[in-house]
Amino acid sequence: MLHKRIKQYISSELMGEMPTVEIYQEEKEFIEKYELISNDITLIEKDPTTRFLDAYIERCDKETEEMLAEESFVFLEHPIDYLQKHKNEFLYLESDWLELIGVDAVSLELSDVFGTYDVMVGLQLQKKFELSLKEYLSKELSGDEARFELMFNQKDGMWDLNFALNYVEGFHEEMSLEEAYRLIYRFIFKLVEGIEDGSMDVN
């Protein structure tokens, strides 16, 4: 599905006069790795910090799930410990880029129990990939206390996935919310790529 969505993105970008595609690092690496374009097309790498410039962002109350405020991109400049200082809140983010990797939205909050930064997403992957998903997450989340929750939502036909960002390679306590969301994106991008790769090997 990642192959298909990225090919669609390339096609939409090539509607203009110039044979160029503006893309971020993760997609650029993917396109080059799988040779998804011809040699006459130029890839231009975009500034990574602009990925969520047009994202829809909400601050919500954990208990009631009611929206407290809609925020602009500038809000993501806050350090991630904003969530330490506002333990009653969670952040909800939607973006066109998330659709590319089959994610509906990303919620981020501080775990009341473990004190970790917990990520919650709905992931569009078929139920048959359960074992591959669990293997990938077990391997890629580092640390003895690394944990995740994975449940297939029959109603929506997608996976409810929760994991602690603290155990993703590249995480650090001083990062901004914007950096955290980019790290989440990269982690899920690589997860989906890994699952698709594995299924291609089997087929």
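The values are calculated or read from the model by the stated rules, or taken from the named source; none is laboratory data. Note that the structure is predicted; figures quoted are calculated from it, not measured. Cβ coordinates were reconstructed from backbone atoms using ideal geometry, including for glycine residues, and neighbour counts include every protein chain displayed. Each accessible area value is taken on the protein alone, full model and side chains, heavy atoms only, with ligands, DNA and RNA left out. Shrake-Rupley method; radii C 1.70, N 1.55, O 1.52, S 1.80 Å.
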(message) When you scan segment 144-165, do you find a residue that is open to solvent by 10 Å² or more (accessible area, probe 1.4 Å) and part of a helix (DSSP H, G or I), even just one?
(response) no
(message) For segment 50-108: of the residues being open to solvent by less than 40 Å² (accessible area, probe 1.4 Å) and polar (S, T, N, Q), which is farthest from Lys28 (Cα to Cα)?
(response) Ser107
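The rows are residues; the columns are (1) free of Cβ contacts under 8 Å to residues at least 40 places away in the same chain; (2) of a type in the set (Asp, Glu); (3) crowded, with 16+ Cβ neighbours inside 10 Å; (4) in contact with a helix residue (DSSP H, G or I) (Cβ under 7 Å, 6 or more places away or on another chain).
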{"position": "Lys4", "(1), (2), (3), (4)": "yes, no, no, no"}
{"position": "Gln8", "(1), (2), (3), (4)": "yes, no, no, no"}
{"position": "Ser11", "(1), (2), (3), (4)": "yes, no, no, no"}
{"position": "Gly16", "(1), (2), (3), (4)": "yes, no, no, no"}
{"position": "Glu26", "(1), (2), (3), (4)": "no, yes, yes, yes"}
{"position": "Lys33", "(1), (2), (3), (4)": "yes, no, no, no"}
{"position": "Ile37", "(1), (2), (3), (4)": "yes, no, yes, yes"}
{"position": "Ile41", "(1), (2), (3), (4)": "yes, no, no, no"}
(request) List the number of the failed condition for Phe189; all other conditions in (1) open to solvent by 10 Å² or more (accessible area, probe 1.4 Å); (2) part of a helix (DSSP H, G or I); (3) within 19 Å of Glu29 (Cβ to Cβ) hold. (result) (1)
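Residue-by-condition table, conditions (1) over 26 Å from Val74 (Cβ atoms); (2) at pLDDT 95 or above:
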residue	(1), (2)
Leu2	yes, no
Glu13	yes, no
Glu22	no, no
Lys28	yes, yes
Asn39	yes, no
Glu45	no, yes
Ala55	no, yes
(request) Among the residues of segment 65-108, write down those that are of a type in the set (A, V, I, L, M), touching a strand residue (DSSP E or B) at 6+ places or on another chain (Cβ under 7 Å) and within 27 Å of Lys7 (Cβ to Cβ). (result) Leu93, Leu98, Val103, Ala105, Val106
(message) I'm told Leu137 meets every condition in (1) surrounded by fewer than 18 Cβ atoms within 10 Å (Cβ to Cβ); (2) under 23 Å from Met1 (Cα atoms); (3) among the hydrophobic types (A, V, I, L, M, F, W, C) except one. Can you identify the failing condition by its number?
(response) (1)
(request) Please name all residue pairs, on different chains or six or more residues apart, with Cβ atoms under 7 Å, provided the first residue is in segment 114-136 and is closer than 10 Å to Leu191 by Cβ and the second residue is part of a helix (DSSP H, G or I) and open to solvent by 10 Å² or more (accessible area, probe 1.4 Å). (result) Ser132/Gly198; Tyr136/Gly194
(request) Name every residue in segment 98-113 that is outside any helix (DSSP H, G or I) and touching a residue at least 12 places away in the same chain (Cβ under 8 Å), in order of residue number. (result) Ile101, Gly102, Val103, Asp104, Ala105, Val106, Ser107, Leu108, Glu109, Leu110, Ser111, Asp112
(request) Give segment 109-123 a look and list any residue that's surrounded by fewer than 18 Cβ atoms within 10 Å (Cβ to Cβ) and touching a strand residue (DSSP E or B) at 6+ places or on another chain (Cβ under 6 Å), or say none. (result) Ser111, Met120
(request) Hand me the list of strands (runs of 3 or more DSSP E) wholly inside segment 1-97 holding 1 or more residues that are over 24 Å from Leu123 (Cα atoms). (result) 20-23, 42-45, 67-71
